[in-house]
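The values are calculated or read from the model by the stated rules, or taken from the named source; none is laboratory data. Here the structure is a predicted model, which is why all the values come from computation and not from measurement. Cβ placement follows ideal geometry from the backbone for every residue including glycine, while neighbour counts extend to all protein chains displayed. Note: accessible area is taken over every heavy atom of the protein model, side chains too, but ligands, DNA and RNA are not part of it. Shrake-Rupley method; radii C 1.70, N 1.55, O 1.52, S 1.80 Å.
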Amino acid sequence: MGKMPLFSFLNKKTLNKYEKTEEYQFYMKNKEYLLPLNFHYHLVFSENNAFKIIQANILIKAMMNKEIYDETLKSSQDELLTIIDGRNEYLKNKIWKALDENQAIYFEKDATRIYLPIYSRAMNLIYNDDPIKLLEYPYTEIVKDARSSCIDLFDLYNYDLYASAFTHLIKIKEDKTSCAFYHPDFETIFIINDQGRLDIAIPLFDKYLKERDHHLLMKRVANVVDDFYSNERKKFVRSLRDNGLISSKMCSILLRKESIRSIRRTKVALKGKSIDEIL
């Protein structure tokens, strides 16, 4: 449906206070984990930008997993000096045990557990199956500096990452160029494009809505997402109202803004054309 500045207005009229959400509290408590990634991921985080907080928390959780790997590597070095054969297997088992004990989150990509989405699948394979290499150059540099092999994880892993335990997003529907997710904490529908970037954020439950009905919520969200992909803006706005996700007052405001937008768009399209061209 393309960009929707229409819903930036809705964003200002929602009751949701980001700073009260678990997602935001997690970020504030653990944002120090982002320091080793400074100057690589140029994300400007804001308490009023829910999607940036989601992305930040993905990075934080990845760095928490890396901390488990790093601490296990460090604590195992003296023991490895006493082992002649099977050093990799010993280290591998110790790492897997540490990951399990810490209930480290992951998702699967091509039959590989991705604990470190900041790295490629190939690098995750080394961490998982050949960790002894991490004690040798050049891999020691990766252990020291996380940025040295970082990838664009949002582009590479995209929907698999956003639908994983690294977020609280719920996948609703995917089409050729984007995917719709719902975040229960932020009470927002996010349309994420095929490059892993946010196209549109649609906050629900505006301040004019008298009752916030959560009965069969996911079914109602799925209904409006279907209407979103019909590429009819007004139909989508009405669907939000009909499914109890925005108020009638907000629906009227958005429809009026969309009508004004359509008139302006038509004027721009006709500007500079002759009468014959218009007719």
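Some points to look at:
- Stretch gain in nm, segment Lys31-Glu136, where the contour uses 0.36 nm per residue and the Cα spacing is subtracted: 34.8 nm
- Counting only protein heavy atoms and a 1.4 Å probe, the range 52-127 has 48 square angstrom of accessible area per residue.
- Ser230 accessible area, 1.4 Å probe, all protein chains in place, Å² to nearest 10: 40 Å²
- Note on Val143 and Asn231: with the Förster distance fixed at 45 Å, the Cβ-Cβ geometry gives a FRET efficiency of about 0.40.
- Ranked packing of 155-164, 24-33, 80-89, most packed first, by mean Cβ within 10 Å: 155-164, 24-33, 80-89
- Computed from the alpha carbon atoms alone, the convex hull of the range 79-190 holds 130 Å³ per residue.
- Residue-span extension gain [Asp242 to Ile170] - 0.36 nm each, minus C-alpha spacing: 23.8 nm
- Computed over protein heavy atoms with a 1.4 Å probe, the accessible surface of the range 150-252 works out to 45 Å² per residue.
- Computed E for Asn88/Arg197 - FRET, C-beta separation, R0 41 angstrom, nearest 0.05: 0.60
- Extension gain, Asp110 back to Ile260 (0.36 nm per residue minus Cα-Cα distance, nm): 49.2 nm
- Pair Tyr159, Ser252: separation of 7 Å Cα→Cβ label points (nm): 3.9 nm
- Overall size of the range 56-104 from C-alpha positions, given as principal axis extents largest first: 42, 16, 13 Å.
- Amide N proximity, the range 140-184 versus Glu22 label position 7 Å along Cα-to-Cβ, cut-off under 12 Å: 167-169, 184
- On the range 26-124, 50 percent of the accessible area sits on carbon and sulfur atoms, based on a 1.4 Å probe.
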